[in-house]
1. Going by the structure shown, is Met229 at pLDDT 90 or above and open to solvent by 90 Å² or more (accessible area, probe 1.4 Å)?
2. Tell me, which residue of the range 158-194 that is open to solvent by 20 Å² or more (accessible area, probe 1.4 Å), among the hydrophobic types (A, V, I, L, M, F, W, C) and at pLDDT below 90 is farthest from Thr99 (Cα to Cα)?
3. Criterion first (open to solvent by 70 Å² or more (accessible area, probe 1.4 Å) and at pLDDT 85 or above) does Arg311 satisfy it?
4. Which residue, of Lys354, Lys364, is at pLDDT below 90 and more than 30 Å from Arg162 (Cβ to Cβ)?
5. What is the number of the single condition among (1) open to solvent by 50 Å² or more (accessible area, probe 1.4 Å); (2) modelled with pLDDT under 60 that Gly112 does not meet?
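The values are calculated or read from the model by the stated rules, or taken from the named source; none is laboratory data. Only a predicted model underlies this, so the values are computations on that prediction, with no experimental measurement involved. Ideal geometry is used to build each Cβ from the backbone, glycine not excepted, and the neighbour counts take in all protein chains shown. SASA here: full protein model, heavy atoms, side chains in, ligands and nucleic acids out. Shrake-Rupley method; radii C 1.70, N 1.55, O 1.52, S 1.80 Å.
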Amino acid sequence: MSPMISRLLQPTHQLLRAFSSSKHIQEISPGIRLSTLLCKHLGLSRRQSERMILADRVTLFGKICNSPAFQLRPNPDPNQNSSSAMKLDGKLVQGVDKTLKSMYLEQQKNGGDLTTLNETSNEQKKKKNPSMQNTRVWLANKMKGELVTEHDPDGRPSMLQRLIRGGVGESKSKHKAPIHLKPVGRLDMMTEGLMIFTNDGQYARDLELPKNFLWRTYRVRVHGRLTPMKMRAMRVGVTARIDDNINVEGDASVASPTGKMMKYKGIKVSIERKTPQSGRRQRRNGTEEVRGTNTWLRITCTEGKNRQLRRILGALGLDVTRLIRISYGDYDLNTIPPGKAIEVPARDYASMKKKGQLFSGDSKSKKKEKATEEPRSTVEWVNYA
(Lines give C-alpha, C1' and ligand atoms only; values in the text may rest on other atoms or scores of the structure.)
Protein backbone atom coordinates (compact mmCIF):
# COMPACT_ATOMS: atom_id res chain seq x y z
CA MET A 1 0.00 0.00 0.00
CA SER A 2 1.38 3.43 -0.94
CA PRO A 3 2.11 6.01 1.79
CA MET A 4 -0.58 8.37 0.41
CA ILE A 5 -3.30 5.71 0.60
CA SER A 6 -2.23 4.67 4.08
CA ARG A 7 -2.56 8.28 5.25
CA LEU A 8 -6.06 8.53 3.83
CA LEU A 9 -7.03 5.35 5.69
CA GLN A 10 -5.48 6.51 8.96
CA PRO A 11 -8.16 6.47 11.72
CA THR A 12 -8.98 9.93 13.00
CA HIS A 13 -9.42 8.85 16.64
CA GLN A 14 -5.62 8.46 16.97
CA LEU A 15 -5.17 12.15 16.19
CA LEU A 16 -8.21 13.22 18.22
CA ARG A 17 -6.64 11.87 21.43
CA ALA A 18 -4.05 14.64 21.21
CA PHE A 19 -6.71 17.35 21.49
CA SER A 20 -9.58 16.01 23.60
CA SER A 21 -10.62 12.97 25.63
CA SER A 22 -12.35 9.98 24.08
CA LYS A 23 -15.38 10.48 26.37
CA HIS A 24 -15.82 14.03 25.15
CA ILE A 25 -15.47 12.86 21.53
CA GLN A 26 -18.34 10.39 21.85
CA GLU A 27 -20.68 12.99 23.38
CA ILE A 28 -20.27 15.75 20.77
CA SER A 29 -21.53 15.69 17.20
CA PRO A 30 -19.34 15.22 14.12
CA GLY A 31 -16.99 18.08 13.39
CA ILE A 32 -15.68 19.76 10.23
CA ARG A 33 -13.20 17.88 8.06
CA LEU A 34 -9.79 19.51 7.90
CA SER A 35 -9.79 19.47 4.09
CA THR A 36 -13.24 21.13 4.01
CA LEU A 37 -12.09 23.84 6.41
CA LEU A 38 -9.03 24.64 4.31
CA CYS A 39 -11.17 24.78 1.15
CA LYS A 40 -13.49 27.30 2.75
CA HIS A 41 -10.94 29.44 4.56
CA LEU A 42 -8.19 29.55 1.94
CA GLY A 43 -10.37 29.40 -1.17
CA LEU A 44 -8.76 26.20 -2.43
CA SER A 45 -10.14 23.28 -4.36
CA ARG A 46 -10.67 19.98 -2.59
CA ARG A 47 -7.68 18.40 -4.35
CA GLN A 48 -5.39 21.30 -3.45
CA SER A 49 -6.29 21.13 0.24
CA GLU A 50 -5.80 17.35 0.34
CA ARG A 51 -2.36 17.65 -1.27
CA MET A 52 -1.34 20.25 1.35
CA ILE A 53 -2.39 17.96 4.19
CA LEU A 54 -0.79 14.82 2.76
CA ALA A 55 2.46 16.74 2.19
CA ASP A 56 2.76 17.35 5.99
CA ARG A 57 2.39 21.10 5.51
CA VAL A 58 -0.39 21.54 8.10
CA THR A 59 0.19 21.42 11.85
CA LEU A 60 -2.29 21.63 14.73
CA PHE A 61 -0.93 22.73 18.12
CA GLY A 62 2.58 21.95 16.87
CA LYS A 63 1.77 18.42 15.68
CA ILE A 64 1.63 17.39 12.02
CA CYS A 65 -1.84 16.43 10.85
CA ASN A 66 -1.67 14.43 7.62
CA SER A 67 -5.25 13.12 7.49
CA PRO A 68 -7.73 15.05 5.29
CA ALA A 69 -10.58 13.36 7.22
CA PHE A 70 -9.43 14.75 10.56
CA GLN A 71 -12.42 16.49 12.21
CA LEU A 72 -12.22 19.82 13.99
CA ARG A 73 -14.62 21.53 16.36
CA PRO A 74 -14.66 24.98 17.97
CA ASN A 75 -13.11 25.25 21.41
CA PRO A 76 -15.96 25.01 23.97
CA ASP A 77 -14.00 27.11 26.47
CA PRO A 78 -14.33 30.82 25.55
CA ASN A 79 -11.41 31.73 27.84
CA GLN A 80 -8.93 29.74 25.75
CA ASN A 81 -7.47 31.30 22.62
CA SER A 82 -7.16 28.80 19.78
CA SER A 83 -6.36 31.30 17.02
CA SER A 84 -2.74 30.08 16.92
CA ALA A 85 -3.66 26.39 16.71
CA MET A 86 -3.21 25.89 12.95
CA LYS A 87 -0.09 26.60 10.92
CA LEU A 88 0.61 26.18 7.23
CA ASP A 89 4.28 25.82 6.25
CA GLY A 90 5.16 27.10 9.72
CA LYS A 91 3.06 30.26 9.41
CA LEU A 92 -0.09 30.96 11.37
CA VAL A 93 -3.39 30.71 9.51
CA GLN A 94 -5.17 33.83 10.68
CA GLY A 95 -8.92 33.79 11.32
CA VAL A 96 -9.36 30.04 10.88
CA ASP A 97 -11.08 29.74 14.28
CA LYS A 98 -13.86 32.11 13.18
CA THR A 99 -14.38 30.17 9.94
CA LEU A 100 -14.50 26.90 11.88
CA LYS A 101 -17.05 28.27 14.32
CA SER A 102 -19.37 29.58 11.57
CA MET A 103 -19.17 26.30 9.61
CA TYR A 104 -19.80 24.25 12.75
CA LEU A 105 -22.83 26.33 13.78
CA GLU A 106 -24.26 26.11 10.28
CA GLN A 107 -23.81 22.35 10.35
CA GLN A 108 -25.67 22.11 13.65
CA LYS A 109 -28.60 24.09 12.24
CA ASN A 110 -28.90 21.65 9.35
CA GLY A 111 -28.93 18.48 11.40
CA GLY A 112 -25.21 17.80 11.37
CA ASP A 113 -24.82 17.77 7.58
CA LEU A 114 -23.36 20.61 5.54
CA THR A 115 -24.94 19.25 2.34
CA THR A 116 -28.43 20.23 3.48
CA LEU A 117 -27.85 23.97 3.27
CA ASN A 118 -30.24 24.29 0.34
CA GLU A 119 -33.07 22.59 2.25
CA THR A 120 -33.34 25.09 5.10
CA SER A 121 -36.54 27.00 5.72
CA ASN A 122 -37.35 30.24 3.89
CA GLU A 123 -37.04 32.24 7.10
CA GLN A 124 -33.49 31.05 7.62
CA LYS A 125 -32.61 31.80 4.03
CA LYS A 126 -33.68 35.42 4.39
CA LYS A 127 -31.16 35.93 7.16
CA LYS A 128 -27.52 36.60 6.37
CA ASN A 129 -25.74 33.34 5.75
CA PRO A 130 -22.71 33.12 8.09
CA SER A 131 -21.06 30.58 5.81
CA MET A 132 -20.66 33.30 3.12
CA GLN A 133 -18.45 35.58 5.20
CA ASN A 134 -15.33 34.45 3.30
CA THR A 135 -17.01 34.16 -0.11
CA ARG A 136 -15.50 36.43 -2.75
CA VAL A 137 -17.04 37.19 -6.14
CA TRP A 138 -15.57 38.71 -9.29
CA LEU A 139 -17.54 39.89 -12.33
CA ALA A 140 -15.73 39.81 -15.67
CA ASN A 141 -16.64 40.85 -19.20
CA LYS A 142 -15.63 37.96 -21.44
CA MET A 143 -14.25 38.83 -24.84
CA LYS A 144 -15.08 37.03 -28.05
CA GLY A 145 -12.66 34.21 -28.93
CA GLU A 146 -11.77 33.19 -25.36
CA LEU A 147 -12.34 29.89 -23.58
CA VAL A 148 -13.48 29.67 -19.95
CA THR A 149 -10.90 27.09 -18.93
CA GLU A 150 -7.60 26.91 -17.07
CA HIS A 151 -5.73 24.85 -19.66
CA ASP A 152 -6.47 24.24 -23.32
CA PRO A 153 -4.52 21.47 -25.10
CA ASP A 154 -4.87 23.33 -28.42
CA GLY A 155 -3.30 26.50 -27.04
CA ARG A 156 -6.33 28.74 -27.58
CA PRO A 157 -6.75 31.92 -25.48
CA SER A 158 -7.84 31.22 -21.90
CA MET A 159 -9.90 33.75 -20.00
CA LEU A 160 -8.92 32.32 -16.60
CA GLN A 161 -5.21 32.49 -17.34
CA ARG A 162 -5.52 36.10 -18.49
CA LEU A 163 -7.44 37.12 -15.37
CA ILE A 164 -4.98 35.39 -13.05
CA ARG A 165 -2.07 37.16 -14.76
CA GLY A 166 -3.93 40.43 -14.20
CA GLY A 167 -4.15 39.86 -10.45
CA VAL A 168 -7.73 38.58 -10.17
CA GLY A 169 -8.09 36.17 -7.24
CA GLU A 170 -5.17 37.39 -5.17
CA SER A 171 -5.32 36.19 -1.58
CA LYS A 172 -5.85 38.71 1.21
CA SER A 173 -4.18 36.53 3.85
CA LYS A 174 -0.52 36.68 4.78
CA HIS A 175 0.33 33.15 3.69
CA LYS A 176 -0.40 34.14 0.05
CA ALA A 177 -2.00 30.82 -0.82
CA PRO A 178 -3.34 30.89 -4.39
CA ILE A 179 -7.11 31.13 -4.75
CA HIS A 180 -8.74 28.62 -7.04
CA LEU A 181 -11.18 30.62 -9.17
CA LYS A 182 -14.38 28.71 -9.85
CA PRO A 183 -16.49 29.91 -12.81
CA VAL A 184 -20.26 29.99 -12.44
CA GLY A 185 -21.36 28.20 -15.58
CA ARG A 186 -19.64 28.57 -18.93
CA LEU A 187 -19.85 30.65 -22.09
CA ASP A 188 -18.79 29.19 -25.41
CA MET A 189 -15.87 30.60 -27.34
CA MET A 190 -17.80 33.07 -29.51
CA THR A 191 -20.11 34.36 -26.74
CA GLU A 192 -19.34 37.60 -24.91
CA GLY A 193 -20.49 39.22 -21.72
CA LEU A 194 -20.85 38.54 -18.02
CA MET A 195 -18.90 35.76 -16.31
CA ILE A 196 -18.98 35.22 -12.56
CA PHE A 197 -16.00 33.81 -10.66
CA THR A 198 -15.86 32.89 -6.98
CA ASN A 199 -13.64 31.14 -4.46
CA ASP A 200 -16.58 29.20 -2.96
CA GLY A 201 -17.46 25.99 -4.78
CA GLN A 202 -20.76 25.52 -2.94
CA TYR A 203 -21.83 29.08 -3.78
CA ALA A 204 -21.00 28.50 -7.46
CA ARG A 205 -23.07 25.32 -7.46
CA ASP A 206 -26.04 27.11 -5.87
CA LEU A 207 -25.99 29.73 -8.62
CA GLU A 208 -25.77 27.09 -11.36
CA LEU A 209 -28.55 24.75 -10.20
CA PRO A 210 -31.60 25.01 -12.49
CA LYS A 211 -33.94 24.36 -9.56
CA ASN A 212 -33.03 27.78 -8.12
CA PHE A 213 -34.45 29.45 -11.27
CA LEU A 214 -31.92 32.29 -11.49
CA TRP A 215 -32.53 34.43 -14.56
CA ARG A 216 -29.88 34.61 -17.27
CA THR A 217 -30.45 37.54 -19.62
CA TYR A 218 -28.80 37.90 -23.03
CA ARG A 219 -28.76 40.35 -25.92
CA VAL A 220 -28.78 38.41 -29.16
CA ARG A 221 -28.36 39.65 -32.72
CA VAL A 222 -29.95 37.30 -35.23
CA HIS A 223 -30.16 37.33 -39.00
CA GLY A 224 -33.20 35.92 -40.73
CA ARG A 225 -36.91 36.33 -40.99
CA LEU A 226 -38.46 36.69 -37.54
CA THR A 227 -42.18 35.93 -37.48
CA PRO A 228 -44.78 35.93 -34.66
CA MET A 229 -44.96 32.13 -34.92
CA LYS A 230 -41.23 31.86 -34.23
CA MET A 231 -41.54 34.20 -31.26
CA ARG A 232 -44.37 32.07 -29.88
CA ALA A 233 -42.36 28.88 -30.40
CA MET A 234 -39.50 30.29 -28.33
CA ARG A 235 -41.88 31.15 -25.49
CA VAL A 236 -43.55 27.72 -25.55
CA GLY A 237 -40.42 25.59 -25.98
CA VAL A 238 -38.38 24.17 -28.83
CA THR A 239 -37.02 20.70 -29.57
CA ALA A 240 -33.69 21.05 -31.37
CA ARG A 241 -31.12 18.67 -32.77
CA ILE A 242 -27.80 18.33 -30.94
CA ASP A 243 -24.66 18.11 -33.05
CA ASP A 244 -22.03 16.89 -30.61
CA ASN A 245 -19.50 15.54 -33.12
CA ILE A 246 -17.38 18.27 -34.66
CA ASN A 247 -15.21 17.51 -37.68
CA VAL A 248 -12.55 20.07 -38.44
CA GLU A 249 -11.90 20.59 -42.13
CA GLY A 250 -9.11 23.04 -42.76
CA ASP A 251 -9.82 26.23 -40.84
CA ALA A 252 -13.58 25.63 -40.60
CA SER A 253 -15.45 23.45 -38.13
CA VAL A 254 -18.35 21.47 -39.54
CA ALA A 255 -20.91 19.84 -37.27
CA SER A 256 -21.78 16.31 -38.23
CA PRO A 257 -25.41 15.37 -37.48
CA THR A 258 -25.85 12.85 -34.69
CA GLY A 259 -29.64 12.60 -34.71
CA LYS A 260 -29.93 13.41 -30.99
CA MET A 261 -32.77 15.71 -29.98
CA MET A 262 -33.21 17.84 -26.85
CA LYS A 263 -36.25 19.61 -25.46
CA TYR A 264 -35.67 23.19 -24.30
CA LYS A 265 -38.06 24.99 -21.99
CA GLY A 266 -39.78 28.22 -22.94
CA ILE A 267 -37.81 31.46 -22.75
CA LYS A 268 -38.77 35.11 -22.44
CA VAL A 269 -38.01 36.98 -25.64
CA SER A 270 -38.65 40.53 -26.80
CA ILE A 271 -37.49 42.59 -29.78
CA GLU A 272 -35.16 45.47 -28.97
CA ARG A 273 -34.63 46.89 -32.45
CA LYS A 274 -34.22 45.97 -36.10
CA THR A 275 -31.32 47.19 -38.19
CA PRO A 276 -31.48 46.95 -42.01
CA GLN A 277 -28.70 44.99 -43.62
CA SER A 278 -26.82 47.00 -46.22
CA GLY A 279 -26.54 45.87 -49.82
CA ARG A 280 -29.86 44.02 -49.91
CA ARG A 281 -32.35 46.54 -51.17
CA GLN A 282 -34.31 46.53 -54.38
CA ARG A 283 -36.88 48.89 -55.87
CA ARG A 284 -40.46 47.80 -56.36
CA ASN A 285 -42.96 50.27 -57.81
CA GLY A 286 -40.63 53.15 -57.08
CA THR A 287 -40.14 52.27 -53.39
CA GLU A 288 -37.33 50.61 -51.53
CA GLU A 289 -37.91 47.35 -49.69
CA VAL A 290 -35.56 45.82 -47.16
CA ARG A 291 -35.14 42.12 -47.94
CA GLY A 292 -32.93 41.13 -45.00
CA THR A 293 -32.60 42.50 -41.46
CA ASN A 294 -30.54 41.98 -38.35
CA THR A 295 -32.72 41.90 -35.25
CA TRP A 296 -31.58 42.49 -31.69
CA LEU A 297 -33.44 40.33 -29.15
CA ARG A 298 -33.47 40.33 -25.37
CA ILE A 299 -33.79 36.77 -24.08
CA THR A 300 -34.17 35.54 -20.50
CA CYS A 301 -33.92 31.87 -19.51
CA THR A 302 -33.42 29.82 -16.36
CA GLU A 303 -31.41 26.96 -17.86
CA GLY A 304 -27.74 26.87 -18.71
CA LYS A 305 -27.47 24.02 -21.21
CA ASN A 306 -24.60 23.87 -23.66
CA ARG A 307 -25.15 26.22 -26.65
CA GLN A 308 -28.80 26.46 -25.68
CA LEU A 309 -29.75 29.75 -27.37
CA ARG A 310 -27.77 29.03 -30.53
CA ARG A 311 -29.56 25.69 -30.93
CA ILE A 312 -33.02 27.12 -30.24
CA LEU A 313 -32.60 29.96 -32.70
CA GLY A 314 -30.90 27.72 -35.24
CA ALA A 315 -33.82 25.29 -35.14
CA LEU A 316 -36.08 28.21 -36.11
CA GLY A 317 -33.91 29.23 -39.07
CA LEU A 318 -32.25 32.20 -37.36
CA ASP A 319 -28.48 32.72 -37.51
CA VAL A 320 -26.89 34.10 -34.32
CA THR A 321 -24.33 36.73 -35.32
CA ARG A 322 -23.65 38.05 -31.81
CA LEU A 323 -24.48 36.81 -28.30
CA ILE A 324 -23.86 38.84 -25.13
CA ARG A 325 -24.84 37.89 -21.57
CA ILE A 326 -25.77 41.03 -19.63
CA SER A 327 -27.00 39.65 -16.29
CA TYR A 328 -27.05 36.53 -14.12
CA GLY A 329 -29.42 36.69 -11.19
CA ASP A 330 -28.85 40.03 -9.45
CA TYR A 331 -25.36 40.37 -10.92
CA ASP A 332 -25.30 42.78 -13.90
CA LEU A 333 -22.64 43.51 -16.50
CA ASN A 334 -23.33 47.26 -16.41
CA THR A 335 -20.32 49.20 -17.72
CA ILE A 336 -17.50 46.71 -17.12
CA PRO A 337 -15.10 47.14 -20.08
CA PRO A 338 -14.44 44.09 -22.28
CA GLY A 339 -11.68 41.93 -20.82
CA LYS A 340 -11.80 43.56 -17.39
CA ALA A 341 -12.92 42.16 -14.02
CA ILE A 342 -14.01 43.76 -10.75
CA GLU A 343 -14.63 42.33 -7.29
CA VAL A 344 -18.12 42.87 -5.89
CA PRO A 345 -19.81 41.90 -2.61
CA ALA A 346 -21.25 38.38 -2.61
CA ARG A 347 -25.04 38.20 -2.68
CA ASP A 348 -27.00 35.35 -1.17
CA TYR A 349 -28.81 33.57 -3.99
CA ALA A 350 -31.81 32.95 -1.73
CA SER A 351 -32.47 36.69 -1.41
CA MET A 352 -31.99 37.55 -5.09
CA LYS A 353 -34.90 39.25 -6.85
CA LYS A 354 -34.21 38.16 -10.44
CA LYS A 355 -35.24 34.56 -10.08
CA GLY A 356 -38.30 32.34 -10.27
CA GLN A 357 -40.23 30.61 -13.03
CA LEU A 358 -40.60 32.66 -16.19
CA PHE A 359 -44.18 31.56 -16.85
CA SER A 360 -45.86 30.89 -13.51
CA GLY A 361 -49.34 30.13 -14.85
CA ASP A 362 -48.44 27.51 -17.44
CA SER A 363 -47.52 24.62 -15.16
CA LYS A 364 -50.58 25.08 -12.92
CA SER A 365 -53.00 25.22 -15.84
CA LYS A 366 -51.54 22.07 -17.37
CA LYS A 367 -51.93 20.19 -14.09
CA LYS A 368 -55.57 21.31 -13.81
CA GLU A 369 -56.28 20.18 -17.37
CA LYS A 370 -54.86 16.75 -16.67
CA ALA A 371 -56.86 16.47 -13.45
CA THR A 372 -60.15 17.43 -15.12
CA GLU A 373 -59.76 15.08 -18.05
CA GLU A 374 -62.38 12.35 -18.13
CA PRO A 375 -61.02 8.81 -17.89
CA ARG A 376 -60.91 7.11 -21.24
CA SER A 377 -63.07 4.06 -21.72
CA THR A 378 -61.28 0.79 -22.20
CA VAL A 379 -61.45 -1.00 -25.54
CA GLU A 380 -63.54 -4.17 -25.51
CA TRP A 381 -62.53 -6.80 -28.02
CA VAL A 382 -65.34 -8.87 -29.54
CA ASN A 383 -64.66 -12.40 -30.67
CA TYR A 384 -66.81 -13.25 -33.72
CA ALA A 385 -65.42 -16.75 -34.12
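1. yes
2. The qualifying residue farthest from Thr99 (Cα to Cα) is Ile164.
3. Here the answer is no, as Arg311 does not meet what is asked.
4. From the options Lys354, Lys364, the qualifying one is Lys364.
5. (1)
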